[in-house]
Amino acid sequence: IRRNGSSSKKIEDYISVNIGRHGQLLFNDGRHRLTFCKILKISEIPIRITVRHTKWVMFKNQISEYVQSRNGKVYAPIDHIDLQNIPSGYGHLRFDLIRKNMMAQPPGNLLDIGAHWGYFCNRFEELGFNCLAVENHPENLFFLKKIKIAEDRQYSLYDDNLFTLDIKNRHFDIVLALSVFHHFTKFENTYHKLVRFLNNLKVKEMFFEPPDPNEPRMQSAYKNFTANKFAEFIINNSCLQSYSQIGLAEDGRMLYKII
């Protein structure tokens, strides 16, 4: 096994696993093979899923319905072994760019604004960061909470409006603001709330992704910044002092590091 890995040429060679109602993996059979693989600290082994709980199947069907209404893709990759083959609009490029350019090292505190289904909190939790996900969109929250349980993630979740989050006594090493701040600049009242939020934010570095100002949905916005002007707006209203461009995301938008 150490030399060749865990063989899986026949069905009986697989370690068999069931999936519970909340997506948890439940050992079924193959305890000797599993024991030897754990003793040898083999990182990945083939398994065979034998049973799925009805409620888990219903949840998978809900994701399928979601995907069908969105060009066959979810927003970002899902890690769960029974969901990881679902296509996503974004891949790992943004995370790879952030990891390559970040100064902070674990353990540290990370705030993910608009966490969607928790992709970035998953990645940074694996690195050893203490993550806080902010998400209050009802549909995203539904899937985020269920996937968080299914994958046994430990990050914290704030499921209310960003501007009600108490940040005055909190310090963050990293803030992620990826394709989210422009939603607040569309209207005058949320624009001013964003300014107050930035004024109170204590952070060492922010990774920021602005929208394309030529997008139709931004034409009637209260404030419609170009990408560099948006980064300057953040600097002018926060403790951050300078920005740099670190690369393009999958959708062609530029990713910024602001320190």
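Residue 218 - would you say it is crowded, with 16+ Cβ neighbours inside 10 Å and under 21 Å from the mean Cα position of the chain (by Cα)? Please lay out each step first, then the result.
Values: crowded, with 16+ Cβ neighbours inside 10 Å: yes; under 21 Å from the mean Cα position of the chain (by Cα): no.
No, not satisfied.
From the list 49, 42, exactly one residue is surrounded by 13 or more Cβ atoms within 10 Å (Cβ to Cβ) and assigned to a loop (DSSP other than H, G, I, E, B). Which is it? Write out each step before concluding.
Details: 49 fails: assigned to a loop (DSSP other than H, G, I, E, B).
Being surrounded by 13 or more Cβ atoms within 10 Å (Cβ to Cβ) and assigned to a loop (DSSP other than H, G, I, E, B) holds for just one of 49, 42, which is 42.
Looking at (1) in a helix (DSSP H, G or I); (2) surrounded by fewer than 19 Cβ atoms within 10 Å (Cβ to Cβ); (3) without any contact (Cβ under 8 Å) to a residue 40 or more places away in the chain, can you tell me which one residue 144 breaks?
(2)
Taking region 88-104, which residues are touching a helix residue (DSSP H, G or I) at 6+ places or on another chain (Cβ under 9 Å) and assigned to a loop (DSSP other than H, G, I, E, B)?
Across region 88-104, the qualifying residues are 90, 92.
Among the numbered criteria (1) in a loop (DSSP other than H, G, I, E, B); (2) over 18 Å from residue 113 (Cβ atoms), which one does residue 166 miss?
(2)
Of these, 198, 240, 194, 255, which one is open to solvent by less than 20 Å² (accessible area, probe 1.4 Å), of a type outside the set (Ser, Thr, Tyr) and assigned to a loop (DSSP other than H, G, I, E, B)?
Numbers: 198 fails: assigned to a loop (DSSP other than H, G, I, E, B); 194 fails: assigned to a loop (DSSP other than H, G, I, E, B); 255 fails: assigned to a loop (DSSP other than H, G, I, E, B).
Just one listed residue meets the conditions, 240.
Hey, does region 193-207 have a residue that's among the charged types (D, E, K, R), on the phi < 0 side of the Ramachandran plot and without any contact (Cβ under 8 Å) to a residue 24 or more places away in the chain? If you could, list the steps in order and put the result at the bottom.
Let us first name the residues in region 193-207 that are among the charged types (D, E, K, R), namely 193, 196, 202, 204-205.
Within this subset, residues satisfying the condition of being on the phi < 0 side of the Ramachandran plot are 193, 196, 202, 204-205.
Filter again for without any contact (Cβ under 8 Å) to a residue 24 or more places away in the chain, leaving none.
No, region 193-207 contains no residue that is among the charged types (D, E, K, R), on the phi < 0 side of the Ramachandran plot and without any contact (Cβ under 8 Å) to a residue 24 or more places away in the chain.
The values are calculated or read from the model by the stated rules, or taken from the named source; none is laboratory data. The model shown is predicted, which means the values in this text are computed figures rather than measured ones. Cβ coordinates were reconstructed from backbone atoms using ideal geometry, including for glycine residues, and neighbour counts include every protein chain displayed. Each accessible area value is taken on the protein alone, full model and side chains, heavy atoms only, with ligands, DNA and RNA left out. Shrake-Rupley method; radii C 1.70, N 1.55, O 1.52, S 1.80 Å.
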